């Protein structure tokens, strides 16, 4: 592949207003809300920024639940074992140990903050099982509305302190770039704040700058990099792209988790698609091909409860073998009453689309669901850019490795947001985060990709780095992405302007370039990364692929 260069800033108007904060938290999913609540009252002024409304994050869409060793017969060690197995040899054992040992207490704190989980007959939290888990350790709420309940509880906590002078919430605000100070011989310059575009009324409207010595990114994943995804429309990789432009190291970008059972709505379906929770298979639903053959026992000893990458790849193979574009999820044996009670949301959504799953199997196929990679962090959420933290799906903590274990994502956001906030507080109290450094302009041209180019970018990423990849598919995708105009604001014959749709599309394009190159570099198959030309796992590849930008914007993937 030819050398690729990416702009280190987005094309945007000059900041029309300036504000100050001691810490800026970007995102309102479980990670962002937890970080903001933990920082409130412990640093003088916290600014919580969210792209839309507080209740619009990806957490709301989480159906299955949150994993933790809450049952007396379960242990953190058993949870750790299952997580490491799912991670395909690339999980960081220290990060996984943090997750599973601190996780139970963090879940209990969620309950104390008002989250109501479903209860068992004995009054304890009801626990179920999902793929890759060898014990019942998935806590759920509202049957299949766990994320919505967690979001409700945390947002209620934020709303209760809206008038507190120590915390400010800005909704409908898109973060454009992470501001940085002068770089050193050891690496990128420290965080100096962020630039925002606020859609609203009042003095903080349009593009502005918030100066702060600390920024916590909790911006979610990369779903809109692909043609079809279970992620909401706002998942345009904004945080990963902003961190990359600021000089942060990324890793494991090639490990994209494609949810095995996403409702198949036809070959032309695009955008956010409804998923059928893995918990359905955890309760006993079966996967059949279009001829009615149950194929998962041939693919893995755990059959339908195998890790997600195994199930997704088995479905892709069975679809190819039967020349079909979907398989079937058969939950009829669970009974109509059970399905309506345990999965009320899924039942209602399917009925709204004319499908009664109590009477007929549901057509499903894999679609992008979760990104195991992201901005590299340590065990306290710190990135390679001083003062920049990343928590939740935007981060690469080392927990997930090559493949996320089901329902570990909410727990990861919860645990590491708590840790990141504690580290910020410690550093603030030690005087290390007294004030933001002076902002230094990064060299080079700025970028803007026309919004109308997004479908072209998504098609390239989906065909080059979808559930199955190859050197040829990745190279074709890289060439297609290289052909996208990245200076649309300077092209007289291109209709584009610095605005939200273009900024989001630019982020999607930059992350797609790095992701496709990472998929090309890893010449093996492991976890969420499957290469048809290298179908086996290679022990020599028990290492990570990183991506970063050199000072001149050269994309370095190694």
Quick one: plug the Kirkwood hydrodynamic radius of region 1-84 (C-alpha pairs) into Stokes-Einstein at 10 °C, 1.306 mPa s, and report D in µm²/s.
92 µm²/s
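When the convex hull of the C-alpha atoms of the chain is computed, what volume per residue in Å³ does it have?
Working: hull volume 82.0 nm³, N = 558.
Spread over its residues, the Cα hull of the chain gives 147 Å³ apiece.
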Does a label point 7 Å from the Cα of residue 499, set along Cα-to-beta-carbon, have any residues of region 155-180 with amide nitrogen under 20 Å, and which are they?
172-177
Going out from 0 in 10 Å bins, what whole percent of all Cα-Cα distances in region 159-242 drops into each bin?
15, 36, 34, 14, 1
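For region 172-316, state the semi-axes of the equivalent ellipsoid (square roots of 5 times the eigenvalues of the alpha-carbon gyration tensor), sorted largest first and rounded to whole angstrom.
On the way: eigenvalues 344, 75, 26 Å².
One finds semi-axes of 41, 19, 11 Å for region 172-316.
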Tilt, helix 146-160 to longest principal axis of the chain (alpha-carbon atoms), in degrees rounded to tens, equals 30 degrees
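Starting from the Cα coordinates of region 451-557, work out the convex hull volume and express it per residue in Å³. Don't jump to the answer; show the numbers that get you there.
Values: hull volume 11.3 nm³, N = 107.
Looking at region 451-557, the number lands at 106 Å³ per residue.
Over the Cα atoms of region 92-214, compute the convex hull volume and normalise it per residue, giving Å³. It would help to have the intermediate numbers written out before the result.
Working: hull volume 24.2 nm³, N = 123.
Cα convex hull per residue, to the nearest whole number: 197 Å³.
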Tilt, helix 76-86 to longest principal axis of the chain (alpha-carbon atoms), in degrees rounded to tens, equals 90 degrees
Per-selection Rg to Rh, region 320-443 - Cα, Kirkwood hydrodynamic radius:
1.20
Given a cut-off of 20 Å, what percent of all Cα-Cα pairs of region 399-462 lie beyond it?
67 percent
What whole-number distance in Å separates the alpha-carbon centres of region 300-347 and region 162-227?
40 Å
Just to be sure I understand the curve: with the Debye formula and one point per C-alpha of region 223-296, what is log10 I(q)/I(0) at q = 0.13, 0.20, 0.24, 0.27 Å⁻¹?
-0.57, -1.00, -1.17, -1.27
List, largest first, the extents of the alpha carbons of region 39-131 along their principal axes, each in whole Å.
41, 39, 27
Cα-Cα P(r), region 135-196, percent of pairs per 10 Å interval:
16, 24, 26, 22, 11, 0
Give the Rg/Rh ratio for region 260-366, taking Rg as the radius of gyration of the Cα atoms and Rh as the Kirkwood radius, to two decimals.
0.94
Which angle between 0 and 90 degrees, to the nearest 10, do you get for helix 408-429 versus the longest principal axis of the chain when only C-alpha atoms count?
30 degrees
Measuring from label point to label point, each 7 Å out along Cα→Cβ, what is the residue 265 to residue 426 span in nm?
4.6 nm
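Per-residue ellipticity at 222 nm for the chain, helices alone: DSSP H runs ≥ 4 residues times -39500 (n - 2.57), over residue total, nearest 500 deg cm²/dmol? Kindly include the intermediate steps, with their values, before the conclusion.
Working: 14 runs with 171 residues, N = 558.
Estimated from H runs of four or more residues: -9500 deg cm²/dmol.
Values quoted throughout were computed directly from the atomic coordinates according to the rules given, and no laboratory measurement underlies them. Quick caveat: nothing in here was measured; it's all calculated off a predicted structure. Virtual Cβ from ideal backbone geometry, glycine too; neighbours counted across all protein chains shown.
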